[in-house]
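See below for the structure under consideration.
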Amino acid sequence: MEKQILITGGTGYIGSHTAVEFINAGYEVIIIDNLSNSDISVLNGIEKITDIKPIFYKVDVTLKAELRKVFETHPNIQAIVHFAAFKAVGESVEFPLKYYHNNLTGLINILECMEEFKIKNLVFSSSCTIYGQPELLPVTEESPVIKPESPYGNTKKISEEIIQDFLNSTQGFKCISLRYFNPIGAHPSAEIGELPIGVPNNLMPYITQTAYGIREELKVFGSDYNTPDGTPIRDYINVVDLAEAHVAAVNRLLKDKTEDKFEVFNIGTGQGHTVLEVINAFEKNTGVKLKYRITNRRPGDVEKVWADTSKANKILGWKAKKSLAETVKSAWEWEKKYREKTKASI
Ligand code: NAD
Ligand code: UD1
């Protein structure tokens, strides 16, 4: 029997790349998504890359009755990879309840269904935002978790706590929580990639949209940080590398290698880059000159953070492979292809 997994939020940015990697690894993939932040056409992109169209249900994970139907229809799901959540930091400050409702009710429904339908394995999308500004760098999984500044970030901290309480009250259920650093880039085919709705908040889509002429200029938020060139440092991880970490996590859960009910792993490259380094890498590897200007700091930004990935390297047998050069180029190839495609369809 083929190994079957359920991906919530599977038409989203990270979910779609992860679906591809699971299909490539021989899994049967079932995607659920309410399409609140993604487009159904992403399924065509996944099919173009893999020759397989995943099973798809338009389901909102906050609606338990809808969710239960999926598990009733598919009694052999062995693991759930739970991406479905809202993720816009600024919006979460403005509408905190929307974020707590969606991200936490969704998770609770998933856990209740796991219990009811006896699905033992979960991979959860967490974030390095729960470390805040770590005192020691690179940041290990032992670093203290703080209450993040934004309600969005706080949903990740609370989610990890909810999952642990659930696991402690049950037998045989396990979860791996992956704490992502900064995912960027796109599939090398440029068939799928990041598709922010409206004005992007994150650096990479802002860069590619500026390069394409959709945005006038990139604002670099501050150059007075205590870093080599004064701009903040992040650990930018290629989304395909990140996707592969989910396959490694599910493989670990299914092979029953772990006695631990709850494990966390940092998923980054282990290398930090400043904003100016990312801009330079983009210009050098795409040949496109980027219009940018240094402005004030963005409130809430941390100065520097990058991952110690040795735990994931050792225990998951996973390592980020792709260079920053390759990754920024992939983001640009996706932006161009997507814009050409959508122009053609107008
Ligand atoms: P995304 O918005 O592209 O994907 C999330 C998907 O979930 C979307 O397709 C959206 O339509 C869907 N969704 C949202 N609420 C839903 C609901 N109630 N029911 C069903 N589907 C729902 O975001 P992404 O960047 O792919 O992020 C995936 C996960 O990783 C999220 O949990 C996010 O918080 C987490 N994460 C992302 C980043 C990042 O920088 N992208 C960093 C750390 C953690
Ligand atoms: C943001 C979120 C964080 C989330 C992470 C990954 C905030 C405050 N934090 O982090 O909760 O986990 O994304 O999704 O939003 N930058 C510019 N100009 C821009 C955009 C960004 O200079 O137009 C800089 C930022 O100051 C930062 C770096 O680029 O130094 C990366 O920014 P971004 O992509 O938004 O990610 P984070 O700030 O790390």
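Here are the numbers for the structure shown:
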item: So residue 190, is it open to solvent by less than 10 Å² (accessible area, probe 1.4 Å), under 18 Å from residue 342 (Cα atoms) and not basic (Lys, Arg); result: yes
item: Complete set of residues in region 303-328 that are open to solvent by less than 50 Å² (accessible area, probe 1.4 Å), within 16 Å of ligand 1 (Cβ to nearest atom), outside any helix (DSSP H, G or I) and within 17 Å of residue 277 (Cα to Cα); result: 305
item: Exclusive hit being among the small types (Gly, Ala, Ser) and farther than 30 Å from residue 247 by Cβ, set 272, 268, 300; result: 300
item: Leading residue by the ranking (least open to solvent (accessible area, probe 1.4 Å)) among those in region 16-57 that are among the hydroxyl-bearing types (Ser, Thr, Tyr), part of a loop (DSSP other than H, G, I, E, B) and away from ligand 2 (no atom under 16 Å from the Cβ); result: 27
item: Answer residue from region 194-219, given it is within 23 Å of the chain's Cα centre (by Cα) and among the β-branched types (Val, Ile, Thr) and is nearest to ligand 1 (Cβ to nearest atom) among those; result: 197
item: Candidates 107, 111, 136, 122, filtered to the one that is of a type in the set (A, V, I, L, M, F, W, C), within 25 Å of residue 21 (Cα to Cα) and not in a helix (DSSP H, G or I); result: 122
item: Boolean, residue 266 is out of contact with any strand residue (DSSP E or B) (no Cβ under 6 Å at 6 or more places or on another chain) and modelled with pLDDT of 95 or more; result: no
item: Residues located in region 115-152, provided they are of a type in the set (D, E, K, R), within 14 Å of ligand 2 (Cβ to nearest atom) and either within 20 Å of residue 163 (Cα to Cα) or at pLDDT 95 or above (or both); result: 147
item: Failed criterion for residue 145 (all others in (1) in a loop (DSSP other than H, G, I, E, B); (2) crowded, with 16+ Cβ neighbours inside 10 Å; (3) out of contact with any helix residue (DSSP H, G or I) (no Cβ under 6 Å at 6 or more places or on another chain) hold); result: (3)
item: Boolean, residue 258 is more than 21 Å from residue 184 (Cα to Cα), more than 16 Å from ligand 1 (Cβ to nearest atom) and more than 22 Å from the chain's Cα centre (by Cα); result: yes
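The rows are residues; the columns are (1) within 25 Å of residue 253 (Cα to Cα); (2) out of contact with any Gly (no Cβ under 8 Å at 6 or more places or on another chain); (3) surrounded by 19 or more Cβ atoms within 10 Å (Cβ to Cβ).
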position: 68; (1), (2), (3): yes, yes, no
position: 74; (1), (2), (3): yes, yes, no
position: 95; (1), (2), (3): no, yes, no
position: 108; (1), (2), (3): yes, yes, no
position: 111; (1), (2), (3): yes, yes, yes
position: 124; (1), (2), (3): yes, yes, yes
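The values are calculated or read from the model by the stated rules, or taken from the named source; none is laboratory data. Treat the numbers as computed from the prediction; the structure is a model and nothing was measured. All Cβ positions, glycine included, derive from the backbone under ideal geometry; neighbour counts span all protein chains shown. Please note that ligands, DNA and RNA were not included when accessible areas were found on the heavy atoms of the full protein model with its side chains. Shrake-Rupley method; radii C 1.70, N 1.55, O 1.52, S 1.80 Å.
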